[in-house]
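One structure is given here, and the rest of the page talks about it.
The values are calculated or read from the model by the stated rules, or taken from the named source; none is laboratory data. What you see is a predicted model; the values in this text were computed from it and never measured. Don't worry about glycine lacking a Cβ; one is built from the backbone with ideal geometry, like all the others, and counts go over all protein chains shown.
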């Protein structure tokens, strides 16, 4: 409905959503540099503040159905997981932290509310949020690159001032964490720059890419480098070829989740994994051992899985998680969990194809961000880590902001 003066009746709500988006972007360099794990708290807060708007009718989000089934299955798996915490802990305040399945349920609601509602912000609010995103991403890139090149003296000084000093090598690891939100924000930032009228926009976009690659290299973060390179290849393909590349991702990405254990078994039997052991540096060699062990355990319970958080129960063979999202989902939630993850990404990719049909640059942005997220998930973090899931939601929101901003420019 339209009110007098041409303003929609939900204009105040949309301005509020724009304010939440700007707040989220302003917090990104601070959290990305000093406290990446607090992205979970940030997205939870944004989702909580935006959630009242869900009372009004909103467009459906089909990918959410796959995530709902995945989370429900993780709750069911509590009945057989060897990692079930003491249920008596639930009586204590804050004990939910020990129950990953319950946290997933809460995160789905809060992060989902943030994505759903911030996707409804006005074009004017999206333009303001896009400017905040550009400035804050550039700030995070500059500080992490500078500190990384100097050996992390700024980060160590901050930690010493707070009474929690770190060794130089550990400080470099902490600085490298800032590359992960940057890897995901690169693509929407590049899209916003590309849609602007600023003459030096291409130089700025290239500089942002270079800064991320430099800080990832000097701090020893391999996954962000691979994510930027592979994401860049997909970006180029969708940008200049269009729908054929975007459509090719629809079977390819779900296949990674469905066939991950089979691929690992084939690699072991063919000798490929053994050959990779001779070439891989220690950290990657250790990953290969983890993946082989996880694949053997998957064969013991291929349908139901071992249960949520079971990866934590195998001692030194799997330290905390498998460092591979498809294998961790297979190990813990079995074939059903892998199928739901595959369905979720297939739905997302159908949306990418739709964006590509309207404007290849929007489709390329979304495809690059998605591939970057999957690459990091495939090599680095546990699939249930709340801060990493929060960064996924942040990337979706950022792509929506960039798409809306570029559409208004057209």
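A few notes on this one:
- Residue check for residue 208: modelled with pLDDT under 90, touching a helix residue (DSSP H, G or I) at 6+ places or on another chain (Cβ under 7 Å), under 24 Å from residue 387 (Cβ atoms) and not in a helix (DSSP H, G or I): no
- Taking every residue in region 106-129 that is closer than 16 Å to residue 395 by Cα and pairing it with any residue that is part of a loop (DSSP other than H, G, I, E, B) and modelled with pLDDT under 90, at least 6 positions away or on another chain, the pairs with Cβ-Cβ distances below 8 Å are 112/61; 115/61; 116/58; 116/61; 117/58; 120/58; 129/121.
- Counted residues, region 43-65 - those being surrounded by fewer than 22 Cβ atoms within 10 Å (Cβ to Cβ) and within 17 Å of the chain's Cα centre (by Cα): 3
- From 90, 106, residue being over 24 Å from residue 315 (Cα atoms), surrounded by fewer than 18 Cβ atoms within 10 Å (Cβ to Cβ) and modelled with pLDDT of 90 or more: 106
- Residues located in region 111-124, provided they are crowded, with 24+ Cβ neighbours inside 10 Å and part of a helix (DSSP H, G or I): 111, 114, 117, 118
- Check on residue 191, at pLDDT 85 or above, under 25 Å from residue 229 (Cβ atoms) and part of a helix (DSSP H, G or I): yes
- Given (1) at pLDDT below 95; (2) within 25 Å of residue 329 (Cα to Cα), index of the condition residue 278 fails: (2)
- Unique match (being surrounded by 20 or more Cβ atoms within 10 Å (Cβ to Cβ) and at pLDDT 95 or above) among 380, 372: 372
- Some residue of region 385-398 being in contact (Cβ under 8 Å) with a residue 12 or more places away in the chain and within 22 Å of residue 240 (Cα to Cα): no
For (1) in contact with a helix residue (DSSP H, G or I) (Cβ under 6 Å, 6 or more places away or on another chain); (2) part of a helix (DSSP H, G or I); (3) buried (at least 23 other Cβ atoms within 10 Å of the Cβ), each residue gets a yes or a no:
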residue	(1), (2), (3)
262	no, yes, no
269	no, yes, no
273	yes, yes, no
286	no, yes, no
290	no, yes, no
319	no, no, no
329	yes, yes, yes
335	no, yes, no
343	yes, yes, no
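- Candidates 351, 357 - the one that is under 28 Å from residue 118 (Cα atoms), surrounded by fewer than 24 Cβ atoms within 10 Å (Cβ to Cβ) and under 19 Å from the mean Cα position of the chain (by Cα): 351
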